[in-house]
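One structure below.
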Amino acid sequence: MGTRMPDSVSLLQLRNVQKAFPGVVALDDVDFTARRGEVHALMGENGAGKSTLIKVLTGACRRDGGQMLLDGKPIDPRSPMEAQRLGISTVYQEVNLVPTLSVAENIFLGRQPRNWRGIDWGQIHRRAEQALARLNLSIDVSRQLSGYSIAIQQMVAIARALDFEAKLLVLDEPTSSLDAGEVRQLFAVMRKLKGDGLGIIFVSHFLDQVYDISNRITVLRNGKLVGEYRTADLPRGQLIARMMGRELAEFEGQSHRANAGERQGAGPMLSVRGLGRVGSMQPFDLDLCQGEVVGLAGLLGSGRTETARLLFGIDQADSGEVRINSGEARLNSPRAAIRHGLAFCPEDRKTSGIIPELSVRENIVLALQARKGIFKSLPRKQQDEIAQRYIRALGISTPHAEQAIKNLSGGNQQKAILARWLASGPRLLILDEPTRGIDVGAKADIQKLTLALVEQGMAVVFISSELEEVVRVSDRVAVLRDRAIVGELGREQISEQAIMKTIAEGAPARAAEAAP
Amino acid sequence: MTDVQTPTIEPLASSPAAGRGRGRSSQWTKLLWPLLGLALLLLVDLVWVPNFFRIGVTEGRLTGTPIEIFRWSGPEVLLAVGMTLVLATGGVDLSVGAIMALSGAVTAKLAAGLQWPPWGAVLSALGASAAAGAWNGALVALLDIQPIVATLVLMVAGRGIAELISGAAHLKVSGTLFSALGGSPLGIPTEGLVGFGMFAAAAAFTRLTSTGLLIEATGGNRTASRFAGVNVRAVTFLAYAFSGLCAGLAGLLQTADLHGADASKMGLYWELDAILAAVIGGTALTGGRFSLLGAVLGAVLIVTLTTTIQTKVPVEYALVPKAVVVLVVCLLQSETFRQNALAPLRRRAA
């Protein structure tokens with residue numbers, strides 16, 4: 001088969017590209033080739049240089065050395081605008097659109113077609129519809145963008161990118177907020193575009209998706225090129241080993257089942273009866289025990305995050321009660337929840353986790369400091385000690401504790417948020433998608449850490465879109481669908497098939513009592 | 001909080017040893033530009049304004065332009081310090097000028113109109129100002145009204161209330177307390193001492209207690225701070241209340257200095273200078289990191305500038321050169337501008 005498909009024509013070539021930031025060499029002599037009609041996956045761990053490579057080729061940051069050729073001609077884009085004019089269009093992880101404008105306005109923002117009266121709305125709407133039709137999407141383009149799902153918004157971003165006569169489309173983590181059906185929809189679009197002769201660079205942490213869609217894989221590690229491979233020739237184990245630079249067994253071997261039997265608290269630490277909120281989550285029951293991981297599994301929008309927000313007091317419940325250690329507790333604000341020993345790592349690190357400008361140290365001590373109150377302070381020396389301890393313990397990769405947290409990679413930011421909570425000593429830790437958008441190594445670290453914390457008697461609620469991960473870490477799984485808990489799986493019942501079956505069919509026999 | 005038990009964790013694989021922090025070096029570099037601006041301005045004064053730096057002694061008090069700058073800096077610094085903390089929470093306080101007028105009117109009415117003892121008038125004025133600040137804080141922090149709108153209410157109404165209190169008459173305050181506040185019993189102007197004293201107290205307080213961190217966290221990311229358990233409402237409320245108190249103190253000092261209060265003029269447009277001082281000092285209007293020292297430098301820069309201009313240009317035109325200098329400082333602060341402006345120089349050097 002390999003001989004039947006000769007190398008497609010190379011579209012964009014990077015040769016010996018160098019890029020250094022103060023204190024870090026982000027790209028060290030990296031070669032990369034994107035070809036017409038191919039999906040090329042760019043893979044690597046934290047700090048591998050993926051983001052920098054993307055930024056260099058989209059003109060968001062300039063290379064220090066090396067060559068860049070588009071269709072054989074040297075190019076040197078100085079801004080994303082210029083790269084777009086050359087035919088390199090990018091859709092970033094966080095959708096860069098204006099939620100309050102209409103779909104059509106978003107597609108043409110900044111380059112509205114004009115006629116003698118001003119903006120030519122007829123043409124805008126017609127062309128927006130055409131652009132979306134190319135992606136097999138037929139929606140009302142005059143409606144406000146925020147009214148559509150993230151998946152649709154992503155498609156709109158792609159339509160916007162394609163309208164620039166793109167030759168090369170860069171998709172940076174496009175699937176991290178999409179559910180399985182939406183991913184299929186996106187992939188159908190990608191296949192179509194590929195068939196049209198477009199080159200696509202695909203950055204993702206989902207291995208399944210990479211194997212599903214890509215023709216080639218380029219692996220980077222620590223700013224260096226590890227290699228370029230045909231996807232068909234690179235088994236998964238090999239890929240992971242190359243990305244991590246460590247042996248596969250180390251991270252596949254761990255399983256909660258090894259010592260699951262030892263972990264049994266004396267009755268539930270937190271017990272929920274009929275907790276619910278109209279329009280957000282149907283009343284549900286849930287028991288959380290010390291030394292136990294309860295996974296929340298379900299599709300996007302099934303109510304996983306809503307459950308976490310109710311437990312942590314971000315949203316106010318309008319029915320039901322919560323008992324903590326058999327005493328009634330009113331969790332009506334995050335501060336109240338924290339006083340009861342709860343901690344919450346939110347799904348969206350950037351908007352609700354980190355304080356971007358503050359240092360790693362300040363981010364880590366924040367929860368502890370907040371608990372002490374406004375006027376009682378944590379001595380600086382103690383702050384430094386705490387920061388150092390957790391930077392070391394969690395392997396947070398940062399030049400020093402005073403580095404602004406926004407300069408860290410996603411995985412390290414997530415570890416810092418975890419450190420923030422661990423420093424304040426919670427009894428119940430709610431993790432909402434703790435491994436989303438972070439690399440394989442950091443992911444394994446966080447899973448390991450979760451299990452280590454549970455060993456020590458913490459109760460953990462673990463929310464993840466990746467079933468494999470939920471199965472790996474959970475002692476019990478609550479399955480959600482359409483904003484309700486539809487079933488609960490005990491330790492022996494947990495498997496990806498069982499979870500999917502429960503999502504599809506509802507409660508298995510033993511969870512019948514959980515129904516309202 | 002001794003009951004906090006932190007779990008013990010085995011270091012995970014490949015933990016890099018993190019070095020000790022280099023400290024807040026980037027914070028300090030932000031101070032470079034206002035300092036440079038001030039230095040340039042003083043250089044101009046040295047060359048073009050005769051006797052600018054001459055300091056004399058009259059009746060045991062220091063006199064001269066630098067001493068006057070020190071005096072006038074007092075109220076500016078007070079406003080800038082309060083404003084900086086409000087900006088750092090992600091808000092803005094447009095009412096500080098009106099609160100100055102309110103404070104002055106209360107002082108004058110009670111001390112001169114109603115013949116209260118001076119200390120009673122002073123404490124009432126400060127109380128009223130703090131209450132005005134607390135009103136702003138309540139609107140913003142408790143009712144989630146946008147800061148610019150919430151403080152606009154008092155910006156307009158505060159001055160009106162001040163005029164109602166003082167009436168049409170110009171009330172004159174007198175007595176030892178007021179001459180001490182407005183004069184130089186210690187050899188240098190009390191106004192400056194109070195202003196810089198408040199700066200030192202606020203700087204020490206915010207950095208030695210956790211208030212600084214919590215203010216920066218609140219302004220840096222309100223949602224994340226709330227999720228981390230920070231009482232963002234209390235933090236925000238306190239910032240506005242403090243800003244009100246600072247403005248009241250500034251109004252009081254001005255009243256003592258001028259021996260009376262004119263509610264229609266006192267503190268007029270001062271909120272803009274205060275915002276400017278804070279921004280020149282490196283505090284972003286979007287909130288987060290703040291620098292009180294920077295704000296003080298900004299305030300002194302503005303006062304020096306105003307003083308300088310008034311020696312050369314009629315008061316009516318003074319705002320134009322002032323705007324020019326402010327623009328220059330802001331351009332110097334802009335990284336984009338520096339890169340673009342310096343690029344040709346660098347290319348020539350290469």
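The figures follow:
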| item | result |
| --- | --- |
| Residue count for the range A:327-341, restricted to those that are assigned to a loop (DSSP other than H, G, I, E, B) and surrounded by 23 or more Cβ atoms within 10 Å (Cβ to Cβ) | 1 |
| Odd one out for B:Thr286 among (1) among the hydroxyl-bearing types (Ser, Thr, Tyr); (2) farther than 24 Å from B:Ser210 by Cα; (3) over 14 Å from the mean Cα position of the chain (by Cα) | (2) |
| First in the range B:66-94 and closer than 23 Å to B:Leu38 by Cα, second anywhere and part of a loop (DSSP other than H, G, I, E, B) and hydroxyl-bearing (Ser, Thr, Tyr), Cβ under 6 Å, 6 or more apart | B:Thr84/B:Thr283; B:Leu87/B:Thr283 |
| Among (1) surrounded by fewer than 23 Cβ atoms within 10 Å (Cβ to Cβ); (2) over 19 Å from the mean Cα position of the chain (by Cα); (3) farther than 30 Å from B:Ala224 by Cβ, the one test that B:Thr336 misses | (3) |
| Any chance B:Ala134 is assigned to a helix (DSSP H, G or I), buried (at least 24 other Cβ atoms within 10 Å of the Cβ) and among the hydrophobic types (A, V, I, L, M, F, W, C) | no |
| Residue match in the range B:267-289 (condition: modelled with pLDDT under 90, under 30 Å from B:Pro185 (Cα atoms) and buried (at least 19 other Cβ atoms within 10 Å of the Cβ)) | yes |
| Search result, residues across the range A:162-181 that are buried (at least 20 other Cβ atoms within 10 Å of the Cβ) and either part of a helix (DSSP H, G or I) or not assigned by TED's automatic domain parsing to the domain that holds A:Arg85 (or both) | A:Leu162 |
| Condition check for A:Ala329: more than 18 Å from A:Pro434 (Cα to Cα) and in contact with a Phe, Trp or Tyr (Cβ under 6 Å, 6 or more places away or on another chain) | no |
| Segments classed as helices (runs of 4 or more DSSP H), wholly inside the range B:172-256, with at least 3 members that are over 24 Å from B:Ala112 (Cβ atoms) and within 14 Å of chain A (Cβ to nearest Cβ) | B:190-208, B:211-220, B:222-227 |
| Selection within the range A:151-188 - farther than 14 Å from A:Val91 by Cα and of a type outside the set (D, E, K, R) | A:Leu178, A:Ala180, A:Gly181, A:Val183, A:Gln185, A:Phe187, A:Ala188 |
| Flag for A:Asp445 being in contact with a helix residue (DSSP H, G or I) (Cβ under 9 Å, 6 or more places away or on another chain) and away from every other protein chain (no Cβ under 12 Å) | no |
| Which numbered condition A:Gln414 fails, given (1) touching a residue at least 40 places away in the same chain (Cβ under 8 Å); (2) over 23 Å from the mean Cα position of the chain (by Cα); (3) under 20 Å from B:Phe227 (Cβ atoms) | (2) |
| Leading residue by the ranking (nearest to the chain's Cα centre (by Cα)) among those in the range B:289-322 that are farther than 18 Å from B:Gly90 by Cβ and in a loop (DSSP other than H, G, I, E, B) | B:Ala318 |
| Filter result for A:Ala511 (part of a loop (DSSP other than H, G, I, E, B), among the hydrophobic types (A, V, I, L, M, F, W, C), at pLDDT below 80 and in contact with a strand residue (DSSP E or B) (Cβ under 9 Å, 6 or more places away or on another chain)) | no |
| Positions within the range A:272-324 being β-branched (Val, Ile, Thr) and in a strand (DSSP E or B), in sequence order | A:Val272, A:Val293, A:Val294, A:Val322, A:Ile324 |
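This table checks each residue for (1) more than 19 Å from A:Ser397 (Cβ to Cβ); (2) part of a helix (DSSP H, G or I).
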{"site": "A:Ala442", "(1), (2)": "no, yes"}
{"site": "A:Asp445", "(1), (2)": "no, yes"}
{"site": "A:Leu449", "(1), (2)": "no, yes"}
{"site": "A:Val454", "(1), (2)": "yes, yes"}
{"site": "A:Phe462", "(1), (2)": "yes, no"}
{"site": "A:Glu468", "(1), (2)": "yes, yes"}
{"site": "A:Arg472", "(1), (2)": "yes, yes"}
{"site": "A:Val477", "(1), (2)": "yes, no"}
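Per-residue answers, yes or no, for (1) more than 7 Å from chain B (Cβ to nearest Cβ); (2) over 30 Å from A:Phe284 (Cα atoms); (3) surrounded by fewer than 20 Cβ atoms within 10 Å (Cβ to Cβ); (4) free of Cβ contacts under 8 Å to residues at least 24 places away in the same chain:
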{"site": "A:Arg304", "(1), (2), (3), (4)": "yes, no, no, no"}
{"site": "A:Asp315", "(1), (2), (3), (4)": "yes, no, yes, no"}
{"site": "A:Asn325", "(1), (2), (3), (4)": "yes, no, yes, no"}
{"site": "A:Arg349", "(1), (2), (3), (4)": "yes, no, no, no"}
{"site": "A:Ser359", "(1), (2), (3), (4)": "yes, yes, no, no"}
{"site": "A:Ile364", "(1), (2), (3), (4)": "yes, yes, no, no"}
{"site": "A:Ile391", "(1), (2), (3), (4)": "no, yes, no, no"}
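The values are calculated or read from the model by the stated rules, or taken from the named source; none is laboratory data. Bear in mind that the values here come from a model prediction, so they are computed numbers and not experimental data. Heads up, the Cβs are rebuilt from the backbone with ideal geometry, glycines too, and the neighbour counts pull from every protein chain shown.
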